[in-house]
Structures are given as C-alpha cells and as structure tokens.
Amino acid sequence: MTGRPRAADVPTGSGAPAGPGVPAGPGTAAGSGAVAGSGAPAVEVRDLHVRLDGVPILGGVDLTVAAGEWVTVIGPNGAGKSTLLRAVGGLLPAPGAVTLFGTPLQALRRRDRARVVATVAQSPVVPPGMSVLDYVLLGRTPYIPPLGRESAADVAAAHDVLDRLDLAGFHTRELATLSGGERQRVFLARALAQGATLLLLDEPTSALDIGHQQEVLELVDQLRRAHGLTVLATMHDLSIAGEYADRMVLLADGQVAATGTPRDVLTEDLLSHHYRATVKVIEGDHGPLVVPVRR
Amino acid sequence: MTTTTRTRPAGTPPASRPAGLRPRWVVAGVAAVLVALVAGVSLGPVSLPPGSVAIELLNLLPGVRLDSGLTEREIAIITELRLPRAVLGLLVGGLLALAGGAYQGVFRNPLADPYLLGAAAGAGLAVTVVITAGVGAGGALTGLPVTVPLAAFVGSIGAVVMTYLLGAAGGRSRSPAALILAGVAVSAFLSAGQTYLLQRNSDSIQQVYSWLLGRLATAGWHDVRLVLPYFLLTAVVVLMHRRELDVLSVGDDEATSLGLHPQRSRYLLIVAASLGTAAAVSASGLIGFVGIIVPHTVRLLAGSSYRVILPLSLLFGGAFLALTDVVARTAAAPEEIPIGVVTALLGGPFFVLVLRTTRRMLG
C-alpha cells in the first residue's frame with residue numbers, strides 16, 4: 001500500500017457526476033442536467049437535524065465533501081454515523097439540509113438521485129437464489145423505464161462492472177454462495193453499476209478479515225482515482241479508516257466533534273474523550289495508527 | 001497489495017442473460033393449461049374421448065367447424081357444464097397462485113399466502129352471516145345466486161382494508177411486519193366472530209363448511225364472467241411489477257436508493273392481489289395451498305426471480321387447480337370431495353417431492 005494519492009492528485013472531473021466508466025444510458029444525471037455540477041461540492045450538509053421516533057439523532061451537523069474526496073465519518077456507537085449517511089442518500093427526510101453537486105437533495109427525483117448517489121449498506125440483504133449478474137443488474141434500475149426491463153446496454157454495463165471488479169467468472173454464481181470478500185465486491189459492483197459518482201459506504205469492511213478489508217478498500221480507492229468518484233464512508237476501524245481517508249469527521253452525540261485530516265482527528269485526547277477508550281496513536285508510514293491499550 | 005481491474009480472462013463463461021422467462025417454461029406452462037382444460041372437460045360421470053373434446057374446444061374458435069362425432073347432448077355437457085367449470089378452475093387457480101407469489105415478494109416472506117391479510121377470515125365471516133341469516137329467514141337470502149359470492153367479496157376486501165388501517169395505526173408507516181401482524185390480529189378477530197355465529201346457528205354448519213372448503217361444482221359462465229375482469233386486472237398489475245418485486249427483494253432502503261418508491265409499489269400490488277383473491281374467494285370459496293405451493297414449486301424448478309415466478313404461477317396455478325378439480329369430482333364419484341381438501345392432500349406431498357428432488361439435483 002504505497003503511493004496512494006490524496007484528493008489533490010485525484011482527477012475529479014470537476015465534480016460532474018459522469019459515472020465510473022459505466023455506460024449510464026440515455027437520460028443520465030449528467031446528460032439530463034439533473035444536478036448542477038461544475039465545481040460545486042459533491043456533498044454539502046448544513047445544520048442537519050434528524051429525529052427518529054422522537055429521539056434526536058443528529059443535532060445540527062455541518063459537512064462538506066469535495067468532488068473526488070474520500071471522507072470517512074467515525075464516532076462511537078450511536079453517534080449518528082449511519083443516520084448521517086442515510087440522510088445524505090435520501091433515505092431520511094432532511095429538507096433543505098443536503099445538497100449534492102450543488103442541487104438540493106429534495107429537488108432530485110428518485111431516479112435522478114439514484115444516478116448521482118449509490119449506497120452500499122452495512123449489511124445488504126442477500127436475496128435467496130439471486131445470481132451475481134441479476135444482483136448487479138439491480139444497479140441499472142434508475143436507467144430502466146418504470147415497469148420496463150433491462151436493455152442489452154444495461155446487461156453490457158453490468159458485465160463491464162463485473163470485469164472491472166475481477167468478478168467476470170462469478171456472474172452465474174448464486175450470491176448467497178460467495179465468501180464474505182467476494183460478496184462485498186459484488187455489493188460494490190451493484191453500486192458502481194448505478195453509474196453514480198458519489199459512493200456512500202456504511203461500514204464497508206465490518207464483516208471482513210483484514211486481508212479482505214484491504215482488498216475492498218484498495219479497490220474503492222483505485223476506482224475513485226480512475227473515475228473521479230467521491231467517497232463518503234463510515235468505519236469503526238480507526239487505523240484503516242485513517243489510511244484511506246483524505247479527511248475524517250468525528251461524530252459524537254449527533255454532532256461534529258472534530259474534522260480534518262486523519263492526523264487532526266486521530267489524536268489520543270479526542271479518541272479517549274469521545275470513545276471513552278484508552279488508546280495510543282502511533283505515527284505510521286501513511287498516517288496515524290490507533291492501538292487500544294489495556295487500562 | 002495491488003488491486004487491478006482486469007478484462008474477462010480467456011476461458012471464463014461468456015456473457016449470460018439476466019433472469020427472465022425461458023421459452024421452454026412458457027411452453028410447459030401453456031401445455032399444462034391445455035392438458036388441464038381437456039382433462040377437465042373430458043373426465044366426469046359421462047366420459048368423453050379427449051380427442052373429440054379437443055375438437056369441440058377448437059370449434060369454439062371463430063371460423064373453425066370440425067366434426068367431433070359427439071352428440072348434441074355431449075356437446076352441451078362440454079359447453080354448458082364442464083367448460084365453464086374448467087375455465088373457472090384455471091382462473092381461480094391462476095389468481096390464487098399469482099396473488100400468493102405477489103404477497104411473498106411484497107412481504108419478503110416465503111410463508112405469505114393470498115389469505116395473509118385476512119381475506120379468508122373476512123370472507124368466512126361474511127358468508128357465515130349471510131348463510132345463518134338466510135337459514136333463519138327460511139332460506140330466502142341464500143337462495144339468491146349472487147348473495148354468497150357478493151358477501152365473500154365484500155368480506156374479503158373489508159378484512160384487507162381493516163388490516164391495512166390497523167397496520168398503519170402503529171405509526172412508523174405501513175411496514176411489512178406491521179401489516180402481517182395486523183393480518184394475524186384481524187384474522188383471529190373475524191374467525192372468532194365466525195365461530196360464535198356458527199355455535200349459535202349449528203343448523204348452518206354444514207352449509208357454511210361446504211363453502212369454506214371450496215367448490216367449483218356450481219360453476220357456470222356467470223361465475224367466469226364475474227371473475228374474469230378481476231383476473232385481468234390482477235394479472236396485468238402484478239405482472240407489470242414483476243421486476244420491481246425483484247428490486248424489493250433487497251429491502252426498502254436499497255430499493256429506495258435504486259430509485260424505486262417501495263411503499264407505492266407495495267400498495268399497488270397489495271390492492272391488485274387482494275382484489276384478485278376476493279374475486280377468487282367469491283367464486284369458489286376458500287381453497288388453500290395453491291397460493292403457497294405453486295409459487296414455491298415454480299421457484300424451485302424454474303428460478304427465484306419474480307419475472308419467472310409470477311407468470312409461471314399464473315399458468316401452473318390454473319392448471320393445478322383445474323386438474324385438482326378433476327380429482328375432486330372423480331376420486332369418490334358419484335360424490336364430490338371438497339376441492340380445498342384435495343388441494344391440501346395433493347399439494348402438500350407434491351411440494352415435499354419437489355423439494356427433495358430439487359435438493360438432490362442441486363447436491
């Protein structure tokens with residue numbers, strides 16, 4: 001893991017959601033002008049408040065993610081990380097608080113939004129009996145007319161993504177029979193098939209061993225560099241989060257407690273205060289490494 | 001560690017097609033329907049040669065006039081007695097299997113059947129009310145040919161509406177789990193009402209149970225005309241949403257992030273499937289198992305995509321019920337066995353057989 005460029009080195013395509021090299025099909029977000037693009041931040045969150053069943057989860061969160069940037073949200077359990085991602089992805093009402101590529105989230109129709117932002121959930125549902133190809137083809141839903149079916153271009157796009165993720169030999173396999181690492185790549189392939197340039201990854205490596213964690217994150221980073229993707233992720237493994245993120249946001253009790261580069265955020269003081277953990281932060285080759293130590 | 005993106009290496013399988021209806025399964029489904037139709041018309045107290053029956057069925061097509069060698073009386077048996085009964089069996093079986101498959105997709109629950117939201121209990125109570133009231137009034141009410149079917153239809157729809165309102169009353173939207181629980185509660189409530197009524201009117205029990213166990217015996221073209229519009233409506237709406245059901249299988253959040261409106265799709269499908277179920281119940285009483293066994297058998301044999309399950313359930317569900325009706329009226333001739341009893345007796349073991357066979361084939 002050497003020589004990984006930071007956001008400044010990443011070709012961003014000036015923030016316009018052109019898709020990760022996947023044929024987006026007619027009427028794509030980029031083509032239809034569904035989002036403003038042209039230098040606007042990929043994500044802009046202003047004073048986001050979310051209550052679930054009357055319980056305040058997020059209380060005035062501000063966040064900006066530049067196009068092409070990788071921002072990882074960290075924080076203790078219950079801090080509101082997943083809720084933040086769900087609000088950015090349009091899965092929770094956040095009127096006026098979220099803007100994607102300069103366009104207010106609520107101004108986007110569902111299908112247009114799905115062409116701009118793709119989400120990989122923490123534990124995606126694995127439909128029984130569904131093949132890898134059929135699962136990846138679900139990612140083409142925003143391009144398929146309502147009540148319609150996949151075109152040859154959609155099938156070609158799905159195969160293209162499978163090729164890119166080194167899954168070409170898996171397309172007939174049943175999703176449920178794959179290993180955790182293979183499955184995670186397929187989840188990613190489904191998101192990439194959406195042709196969106198903003199990827200929301202909720203704990204993308206939580207179920208993986210350390211080798212597969214590296215494999216998946218390297219893959220995301222490589223795709224980001226190659227296709228100008230923007231990544232907003234949540235992660236619990238602080239060391240590995242710091243290795244890959246350009247910037248980090250520490251959420252605590254539904255508010256932003258700290259933001260900045262991994263070196264700014266991964267400090268012993270901040271982590272011990274907000275996680276109530278005893279840790280040592282060691283300087284690694286590519287950023288700080290967080291080591292829990294026994295009290 | 002380096003991760004590279006590669007093109008498809010030599011020797012890997014070529015690009016495959018997405019899930020969809022393969023022609024061989026369509027042919028098998030249509031063949032099953034035709035076999036069921038000919039068998040349903042040929043077999044009975046007066047046995048008719050299948051070849052002659054097939055010719056008479058062809059004669060129903062415009063411009064076709066072939067000599068089947070059958071007498072006028074035999075032709076009348078075909079067109080006025082057995083054909084409407086067989087056609088109604090095809091329609092009701094197709095509706096129940098389609099509605100079952102749709103419910104299984106909507107609720108992401110393999111145990112969902114067309115009666116999940118209380119349709120059976122609602123119809124049962126309404127029919128019991130009508131029959132007990134009719135018996136009490138000297139049979140005048142039940143003598144009307146449309147009273148019992150109409151009561152079943154209204155009771156069925158009313159119960160589903162109650163379930164929906166109860167499921168929504170919980171607050172956090174009409175989640176699938178809330179709807180299923182509401183369906184259980186409504187079914188229990190209505191069944192209790194029905195049991196009480198039967199206890200108070202024990203002289204009606206036989207009449208009520210003969211309806212509850214399902215029957216096609218009295219079917220005529222009138223019933224076919226009654227069910228056909230609902231059959232068409234349900235089939236069109238459900239089949240048009242078959243890909244959306246595949247998308248819904250990944251959960252509401254992911255379906256939403258893919259651009260769908262899960263609540264709206266679910267609502268439409270529930271309305272369509274419930275209308276179809278109510279129409280089936282009003283015409284034939286409560287026939288169990290078809291809505292669970294047929295979609296699952298199709299799933300095991302032909303694939304798990306709803307683009308496969310739903311159209312094939314429509315065909316094989318119709319064929320299954322029409323053939324079951326043949327067994328119901330011939331196995332203990334001249335008596336007829338209630339068709340609901342036969343679907344349970346045949347369907348259960350048949351499903352176990354399919355399950356075992358499929359497991360063996362898959363290793």
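The values are calculated or read from the model by the stated rules, or taken from the named source; none is laboratory data. Just so it is clear, the model here is predicted, and its values are computed rather than measured. Heads up, the Cβs are rebuilt from the backbone with ideal geometry, glycines too, and the neighbour counts pull from every protein chain shown.
Key figures for this structure:
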| read-out | value |
| --- | --- |
| Pair list, Cβ < 7 Å and 6+ apart or interchain, from region B:164-185 residues that are more than 15 Å from B:Val106 (Cβ to Cβ) and away from every other protein chain (no Cβ under 14 Å) to residues that are surrounded by 17 or more Cβ atoms within 10 Å (Cβ to Cβ) and modelled with pLDDT of 85 or more | B:Leu166/B:Ala182; B:Leu166/B:Val186; B:Ala185/B:Leu166 |
| Flag for B:Leu232 being touching a residue at least 60 places away in the same chain (Cβ under 8 Å), under 19 Å from B:Leu314 (Cα atoms) and in a helix (DSSP H, G or I) | no |
| Leading residue by the ranking (farthest from the other protein chains (Cβ to nearest Cβ)) among those in region A:149-164 that are buried (at least 22 other Cβ atoms within 10 Å of the Cβ) and of a type in the set (A, V, I, L, M, F, W, C) | A:Ala157 |
| Verdict on A:Leu100 being within 12 Å of chain B (Cβ to nearest Cβ) and not basic (Lys, Arg) | no |
| Residues that are assigned to a helix (DSSP H, G or I) and either among the hydroxyl-bearing types (Ser, Thr, Tyr) or more than 12 Å from chain A (Cβ to nearest Cβ) (or both), drawn from region B:284-297 | B:Ser284, B:Val290, B:Gly291, B:Ile292, B:Ile293, B:Val294, B:Pro295, B:Thr297 |
| Qualifying residue in region B:309-331 (condition: part of a loop (DSSP other than H, G, I, E, B) and either without any contact (Cβ under 8 Å) to a residue 12 or more places away in the chain or surrounded by fewer than 23 Cβ atoms within 10 Å (Cβ to Cβ) (or both)) | yes |
| All positions within region B:198-240 that are under 21 Å from B:Pro114 (Cα atoms) and of a type in the set (S, T, N, Q) | B:Ser210, B:Thr234 |
| Region B:217-275, subset among the hydroxyl-bearing types (Ser, Thr, Tyr) and away from chain A (no Cβ under 14 Å), residue surrounded by the most Cβ atoms within 10 Å (Cβ to Cβ) | B:Thr234 |
| Residue list for region A:201-237, filter: small (Gly, Ala, Ser), within 13 Å of chain B (Cβ to nearest Cβ) and touching a helix residue (DSSP H, G or I) at 6+ places or on another chain (Cβ under 6 Å) | none |
| Selected residue [closer than 21 Å to B:Arg242 by Cα, of a type in the set (A, V, I, L, M, F, W, C) and in contact with a helix residue (DSSP H, G or I) (Cβ under 6 Å, 6 or more places away or on another chain)] from A:Ala168, A:Ala158 | A:Ala158 |
| Residue list for region A:119-136, filter: within 17 Å of A:Leu199 (Cα to Cα), within 7 Å of another protein chain (Cβ to nearest Cβ) and not polar (S, T, N, Q) | A:Ala121, A:Pro124 |
| Whichever residue in region A:171-194 is at pLDDT below 90 and at the interface with another protein chain (Cβ under 9 Å from one of its Cβ atoms) and, among such residues, is farthest from B:Ser257 (Cα to Cα) | A:Thr172 |
| Filtered residue count, region B:84-104, keeping only those that are surrounded by fewer than 24 Cβ atoms within 10 Å (Cβ to Cβ) and either closer than 22 Å to B:Leu245 by Cα or within 8 Å of the chain's Cα centre (by Cα) (or both) | 0 |
| Members of region A:203-234 found to be part of a loop (DSSP other than H, G, I, E, B) and either touching a Pro at 6+ places or on another chain (Cβ under 7 Å) or over 17 Å from A:Arg185 (Cα atoms) (or both), listed by number | A:Gly228, A:Leu229 |
| Check on A:Ala176, in contact (Cβ under 8 Å) with a residue 12 or more places away in the chain, part of a helix (DSSP H, G or I) and more than 27 Å from B:Ala255 (Cα to Cα) | no |
